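All remarks here apply to the structure that follows.
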Amino acid sequence: MKAREVAILGLMLALSLMFEVMPVEMPTVWGMKIDLVAVPIILAYFILGLRGGLTAVLLLFLGLGMVSSTSWLGAFMKATATLPMIIGLELSRRITRVKLDESPKNLLKFAVLGYLLGIAIRIPLMVAFNYYFAIEMFLGIPRERVVEVVEQWTGVPFWIAIGLPNAIQGVIDVFVSLALLVPLLRRVPHLFD
């Protein structure tokens with residue numbers, strides 16, 4: 001790994017961990033937080049490509065495991081929720097063959113497709129993880145009662161209670177990252193070499 005890649009990964013991880021400890025978040029009933037933690041990780045993917053994005057997700061898991069109030073479980077859930085967004089964006093990049101320095105219109109098409117592909121993976125994954133172990137471990141609710149309790153708290157079906165916040169978080173992850181990417185491309189184009 002080159003020094004440039006290490007520096008970018010270090011900077012993006014530091015930003016992610018800063019967003020984790022800052023009180024800029026919207027919590028859900030069962031413990032998920034809608035926040036900006038994954039935005040720098042998605043930016044790392046945009047700058048460094050798939051390998052850099054995957055490395056950033058691994059570093060996010062390790063870093064959050066140390067600083068997050070939800071320990072390793074929260075770190076695992078955030079990292080596994082971020083990973084599908086990177087996979088979706090990579091699939092979109094391969095399908096659309098978009099280059100990051102193209103017109104904002106092409107970037108937006110790429111991002112929308114990447115978001116949809118990522119969410120198609122993320123929502124079922126998060127529904128399964130929340131059902132099978134996360135909510136049980138976070139809240140001490142027996143698995144047999146997880147669906148019932150979450151539906152009582154939220155007033156909507158379990159999959160919507162889990163899926164909707166994850167869809168909203170995915171919008172933030174992809175489109176806030178994209179909004180930050182465009183000025184970076186203009187002001188620091190050598191960062192992407």
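The values are calculated or read from the model by the stated rules, or taken from the named source; none is laboratory data. Just so it is clear, the model here is predicted, and its values are computed rather than measured. We place every Cβ from the backbone using ideal geometry, glycine too, and count neighbours over all the protein chains shown.
Miscellaneous remarks
- Answer from LEU89, LEU83, LEU13 - the residue that is under 14 Å from the mean Cα position of the chain (by Cα), surrounded by 19 or more Cβ atoms within 10 Å (Cβ to Cβ) and under 24 Å from GLU136 (Cα atoms): LEU83
- Taking the range 16-46 as the range and being of a type in the set (A, V, I, L, M, F, W, C) and touching a strand residue (DSSP E or B) at 6+ places or on another chain (Cβ under 7 Å) as the test, the residues that pass are MET26, ILE34.
- Checking ALA75, ALA7, ALA3 one by one, the residue that is surrounded by 15 or more Cβ atoms within 10 Å (Cβ to Cβ) and either within 21 Å of LEU185 (Cα to Cα) or modelled with pLDDT under 95 (or both) is ALA75 and no other.
- Cβ-Cβ under 7 Å pairs, at least 6 apart or on other chains, the range 149-170 side assigned to a loop (DSSP other than H, G, I, E, B), far side at pLDDT below 95: PRO157/GLU151
The rows are residues; the columns are (1) at pLDDT 90 or above; (2) in a loop (DSSP other than H, G, I, E, B); (3) closer than 20 Å to PRO124 by Cα.
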residue	(1), (2), (3)
LEU15	yes, no, no
PHE19	yes, no, no
PRO23	no, yes, no
LEU36	yes, yes, no
PRO40	yes, no, no
THR55	yes, no, no
THR80	yes, no, yes
LEU83	yes, no, yes
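- Selection count where residues are charged (D, E, K, R) and within 26 Å of ARG94 (Cβ to Cβ), scope the range 113-156: 1
Residues checked against (1) crowded, with 17+ Cβ neighbours inside 10 Å; (2) not basic (Lys, Arg):
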| site | (1), (2) |
| --- | --- |
| LEU100 | yes, yes |
| LYS105 | no, no |
| ILE119 | yes, yes |
| LEU139 | no, yes |
| VAL146 | yes, yes |
| GLN152 | no, yes |
| ALA179 | no, yes |
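- In the set (1) under 16 Å from the mean Cα position of the chain (by Cα); (2) crowded, with 16+ Cβ neighbours inside 10 Å; (3) more than 30 Å from VAL188 (Cβ to Cβ), PHE158 fails one condition alone, (1).
- Residue match in the range 42-57 (condition: surrounded by 13 or more Cβ atoms within 10 Å (Cβ to Cβ), under 22 Å from ILE168 (Cβ atoms) and out of contact with any helix residue (DSSP H, G or I) (no Cβ under 6 Å at 6 or more places or on another chain)): no
- Pairs with Cβ under 6 Å, 6+ apart, first in the range 114-142 and without any contact (Cβ under 8 Å) to a residue 40 or more places away in the chain and of a type in the set (Ser, Thr, Tyr), second part of a helix (DSSP H, G or I) and crowded, with 20+ Cβ neighbours inside 10 Å: TYR131/VAL146
- Checklist (1) in contact (Cβ under 8 Å) with a residue 24 or more places away in the chain; (2) part of a helix (DSSP H, G or I) applied to LEU62, failing item: (1)
- The set of residues in the range 97-148 that are among the charged types (D, E, K, R), closer than 21 Å to PHE175 by Cα and part of a helix (DSSP H, G or I) comprises LYS105, LYS109, ARG122.
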